[in-house]
Amino acid sequence: MTEITLYEVGPRDGLQNENIPLETDEKVIFINMLSATGLKFIESGAFVSPKWVPAMADSSVVMTQIKKKQGIMYPVLTPNIKGLDDALKFNADTACVFATPSETFSKKNTNCSVSEAMARAKEVAEEALVKGMKVRGYISTVMFCPYENEIQPLKVAKQAEELAKMGCYEISLGDTIGSGTPIKTKHMLMACRDAIGVEKLAVHFHDTYGQALANILVSLELNIKVIDTSVGGLGGCPYAPGAKGNVATEDVLFMLNGMGINTGVDLEKICEASKFVFSKLGRIPSSRVFNALESKNKRKKLL
C-alpha cells in the first residue's frame, strides 16, 4: 500500500489568519487532540513579531504547555534569527523558513526583496542546523501572485534549489491564493522535481477556487509523498476575501482512504479536532467531508 504523509498546518498557518485569536489553553487542547490522531507533523506556532501576527504572540507558552508525543514533530515558523533564538529557548525541533519568487509579494508580505528574504532564510537555516534542528522551507505564490499574476515554473525551481542547498530537508510549494489548476501544478512540480528531486518536495494548496484536491491528485501522480493540510479548512487567504483557505485535512484524508493510500491518520479523530477548534471560533468547518459526516451522524440519531 502506498504511504503518504499529511503535514498539519492548522495550529499555525490556519490560526494565524483568524481575526479573533484562540485562547492559549484552547490552542494547547487543540494541538494535543491533533497529537492523538496519528499525525506525525503538527506545525504548532510562529516566532514572529506580535505586532504583525498577533494570533501567534503566545507561541512560546503554547510550545511549553503542549504534551509532545514521541515520534511527532512540532515545527515552528522562524523568519529571522530572533525568531530562531526564541524557538530554541522552547525546544522546537524544526525551524521553518520561507520565501517567494515574487518581488512585489515579498516586499508587501515581509518588507524585503527576494534576495534579502533568501539571505535571511540562509542565515536562519545555517544556525538552526548547527543547533541540531531540522529546517523546512516554504515557497509562496508558486503559480500565481496577487500582484504579479502568473509565476514561471523555472523561477520556483531555482528558488527550491537554493533552499535545498541551504540545508532544507523539504521544500513545501504553496499555491497561496489557491488559483492553481492541475496542468499548471504539473508543470511547476516537474520543474522543481527536475531541480532537486521529488523526495524533497511537499505541496501546500489553498482551496480558494475548489482546485486543491485536483491539484493534489496530480501531485500524487508525480510521486509527491507529503501534503500540507489544515483541519476543517482552517485559515483563509488574505488576498482573496471570503476564500476557503487551506485544503481541509478531512477532505484530503477521505480521498486518500478511498484510493487505498495509507496515512496512519484517524479520520474520526481529525473531525473531533475540527469540531473543537471551530466551536471555539464560533463557526462550522468548511470541510465538505466533515459536514457530510456530521449530517450522516445526525440522521442516524433520528432513526
**Asked** Applying the selection to the stretch 119-152, what residues are surrounded by fewer than 22 Cβ atoms within 10 Å (Cβ to Cβ) and in a helix (DSSP H, G or I)?
**Response** A119, R120, K122, E123, E126, E127, L129, V130
**Message:** Take the residues in the stretch 92-118 that are in contact with a Cys (Cβ under 8 Å, 6 or more places away or on another chain) and in a helix (DSSP H, G or I); name whichever of them is farthest from Y7 (Cα to Cα).
**Reply:** T104
**Message:** Against the definition (touching a residue at least 40 places away in the same chain (Cβ under 8 Å), buried (at least 17 other Cβ atoms within 10 Å of the Cβ) and not in a strand (DSSP E or B)), how does E162 come out, yes or no?
**Reply:** yes
**Request:** Starting from residues that are farther than 17 Å from F30 by Cα, basic (K, R) and at pLDDT 80 or above, keep the ones in the stretch 279-303 and report whichever is surrounded by the fewest Cβ atoms within 10 Å (Cβ to Cβ).
**Result:** K296
**Request:** Test A212 against the criterion of being in contact (Cβ under 8 Å) with a residue 24 or more places away in the chain, more than 30 Å from N19 (Cβ to Cβ) and hydrophobic (A, V, I, L, M, F, W, C), and give yes or no.
**Result:** no
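Based on what the data block shows, is T5 in contact with a strand residue (DSSP E or B) (Cβ under 7 Å, 6 or more places away or on another chain) and among the hydroxyl-bearing types (S, T, Y)?
Working: in contact with a strand residue (DSSP E or B) (Cβ under 7 Å, 6 or more places away or on another chain): yes; among the hydroxyl-bearing types (S, T, Y): yes.
Answer is yes for this residue.
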**Prompt:** Checking S140 against (1) farther than 30 Å from S279 by Cα; (2) out of contact with any Cys (no Cβ under 9 Å at 6 or more places or on another chain), which test does it fail?
**Reply:** (1)
**Prompt:** When you go through G167, G197, G178 one by one, which is the residue that is touching a strand residue (DSSP E or B) at 6+ places or on another chain (Cβ under 6 Å), surrounded by fewer than 19 Cβ atoms within 10 Å (Cβ to Cβ) and on the phi > 0 side of the Ramachandran plot?
**Reply:** G167
**Item:** F90, sole failed condition from (1) crowded, with 19+ Cβ neighbours inside 10 Å; (2) touching a helix residue (DSSP H, G or I) at 6+ places or on another chain (Cβ under 8 Å); (3) of a type in the set (F, W, Y)
**Value:** (1)
**Item:** Lone qualifier among T100, T64 - being modelled with pLDDT of 95 or more and surrounded by 17 or more Cβ atoms within 10 Å (Cβ to Cβ)
**Value:** T100
**Complete:** Selection from the stretch 221-264 of residues over 17 Å from the mean Cα position of the chain (by Cα), modelled with pLDDT of 95 or more and either within 20 Å of I139 (Cα to Cα) or crowded, with 24+ Cβ neighbours inside 10 Å (or both) yields L222, N223
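The values are calculated or read from the model by the stated rules, or taken from the named source; none is laboratory data. Owing to the predicted nature of the structure, the values given are computational and were not obtained by experimental measurement. As a convention, Cβ positions derive from the backbone with ideal geometry for all residues, glycine included, and neighbour counts pool all protein chains shown.
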